[in-house]
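**Student:** Here's a structure for you.
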Amino acid sequence: METFYQELEKVMTLAARQLYHRYRIQARLKVKDMPFLMGQGLYLDSENLKSDDYIAQVIKHGTLSIGFIGLAEALICLTGQHHGEDPSAQRLGLEIVSFMRKMTDNFCDEYDLNYTLLATPAEGLSGRFVTIDRRRFGVISGVTDREYYTNSFHVPVHYEISTFDKIRIEGPYHRLTNAGHISYVELQSPPIHNLEAYEAILRQMAISDMGYAGINFPIDECLSCFHHGIMEDECPSCGSTQIRRIRRITGYLSTVDRFNDAKQAELRDRVKHQM
Ligand SMILES: [Zn+2]
């Protein structure tokens with residue numbers, strides 16, 4: 001554990017330095033380099049700057065965020081189980097993310113800038129990192145044996161868990177990740193005829209201290225007759241196989257074919273959460 005925390009501290013310090021380096025480069029830009037954002041006074045305090053002024057004094061209002069993916073895989077490495085499976089892994093998960101948050105808070109004092117901790121969805125990185133790690137460490141069960149790392153602090157998408165347990169476990173991480181976070185649950189079908197269940201899920205999200213949450217469900221649309229619903233291979237109304245499948249995976253509603261390979265693999269693995 002000591003080695004783990006030392007390594008974590010090392011990469012976070014590196015990330016903080018990299019963000020500061022980028023900030024200093026951006027700070028050398030002038031208002032006239034960003035005529036829309038700064039020139040039109042859209043950015044906080046930029047309305048007081050002139051065209052030849054540096055933007056340094058206003059972009060200090062921005063945030064420098066350090067994100068993470070794969071808490072679940074890290075916990076499996078450290079304890080053999082992830083936080084959805086074992087309460088002591090959950091305690092360790094909260095300890096690790098609290099440690100990371102404390103580090104970003106300390107960077108705020110050290111650099112006098114707004115460092116924050118981000119629960120990253122990692123659209124490209126989730127596939128890239130696992131490929132790099134598999135090359136280096138081989139195929140490790142539960143860690144590098146899929147095409148993607150689990151988002152941020154999420155319970156792995158393929159793990160069978162109830163809606164309420166998932167919400168209860170992920171909730172406490174929201175307060176720690178002050179740059180942004182989201183949790184979601186996957187429903188079997190659109191909940192249009194079960195508003196009580198929908199409300200119960202929302203209330204559980206609220207009492208579990210979630211800042212931002214989503215309730216996902218599939219929507220298929222027949223491109224021939226525009227029938228909506230859940231369809232296997234053909235439209236139950238007209239028999240057409242021209243079906244548009246809309247899913248929510250990286251925070252946006254999109255048709256399935258637009259996701260990258262890692263995210264398509266994640267979508268395939270996602271289990272539906274039972275009430
Ligand atoms: Zn149809």
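Read-outs throughout are calculated quantities, based only on the coordinates presented, and are distinct from any laboratory measurement. These numbers come from a predicted model, not from an experiment. Reconstructed Cβ throughout: ideal geometry from the backbone, glycine too, with neighbour counts over all protein chains shown.
**Student:** Among rounded, prolate and oblate, which fits segment 4-107 when a ≥ b ≥ c are the square roots of the eigenvalues of its C-alpha gyration tensor, a/c under 1.5 means rounded, and a/b larger than b/c means prolate?
**Tutor:** Verdict is prolate for segment 4-107.
**Student:** Something else now. Give me the aspartates and glutamates in straight-line cross-link reach of Lys102: C-alpha distance below 16 Å, same-chain residues under 8 apart excluded.
**Tutor:** Result set, ordered by chain and number: Glu7, Glu9, Glu110, Asp112.
**Student:** Still on this structure: Going by a 4.7 Å Cβ-Cβ cut-off, which cysteines of the chain have no partner at all?
**Tutor:** Cys77, Cys108, each lacking another Cys Cβ under 4.7 Å.
**Student:** Please give me the summed charge of the neighbours of Ile243: other residues whose Cβ is under 11 Å from its Cβ, Lys and Arg +1, Asp and Glu -1.
**Tutor:** Counting the neighbours of Ile243, the net charge comes to -3.
**Student:** Ok, one more. If you take the square roots of the eigenvalues of the alpha-carbon gyration tensor of the chain and sort them as a ≥ b ≥ c, do you get rounded (a/c under 1.5), prolate (a/b over b/c) or oblate?
**Tutor:** Judged from the Cα gyration tensor, the chain comes out oblate (a/c at least 1.5, b/c at or above a/b).
**Student:** When the dipole is taken about the Cα centre of the chain, and only Lys, Arg (+1) and Asp, Glu (-1) are charged at their Cβ, what size is it in debye, to the nearest 20?
**Tutor:** I would put it at about 700 debye.
**Student:** For segment 96-153, run through the trypsin sites (Lys or Arg not before Pro) and keep only the ones in DSSP coil with at most 15 other Cβ atoms within 10 Å of their Cβ.
**Tutor:** Sites meeting the loop and neighbour criteria: none at all.
**Student:** On to the next question. Only bridges whose two residues both fall in the chain count here: according to DSSP, what percent of them are antiparallel, nearest 5?
**Tutor:** 50
**Student:** Moving to a separate point now. Using helices alone, I'd like the mean residue ellipticity at 222 nm for the chain: each DSSP H run of four-plus residues gives -39500 (n - 2.57), total over residue count, nearest 500.
**Tutor:** My calculation for the chain gives -13500 deg cm²/dmol from helical runs alone.
**Student:** Please order Thr63, Thr177 by the number of other Cβ within 10 Å, starting at the fewest.
**Tutor:** Going from least to most buried by this count: Thr63, Thr177.
**Student:** Run the numbers for Cys238 and Arg24: contour at 0.36 nm per residue of separation, minus the present Cα-Cα distance, in nm.
**Tutor:** Gain on extension, Cys238 to Arg24, equals 71.0 nm.
**Student:** What ranking do Glu186, Glu2, Glu9, Glu160 get, fewest neighbouring Cβ atoms within 10 angstrom at the top?
**Tutor:** Starting with the residue having the fewest Cβ neighbours, the order is Glu2, Glu160, Glu9, Glu186.
**Student:** Loop-only chymotrypsin sites (Phe, Trp or Tyr not before Pro) in segment 1-100, please: DSSP not H, G, I, E or B, and at most 10 other Cβ atoms within 10 Å.
**Tutor:** Sparse-neighbourhood loop chymotrypsin sites (Phe, Trp or Tyr not before Pro): Phe36.
**Student:** Loop only per DSSP, at most 12 neighbouring Cβ atoms within 10 Å: give me the chymotrypsin sites (Phe, Trp or Tyr not before Pro) in segment 190-275, ordered by residue number.
**Tutor:** Here the sparse-neighbourhood loop sites are Phe226, Tyr252.
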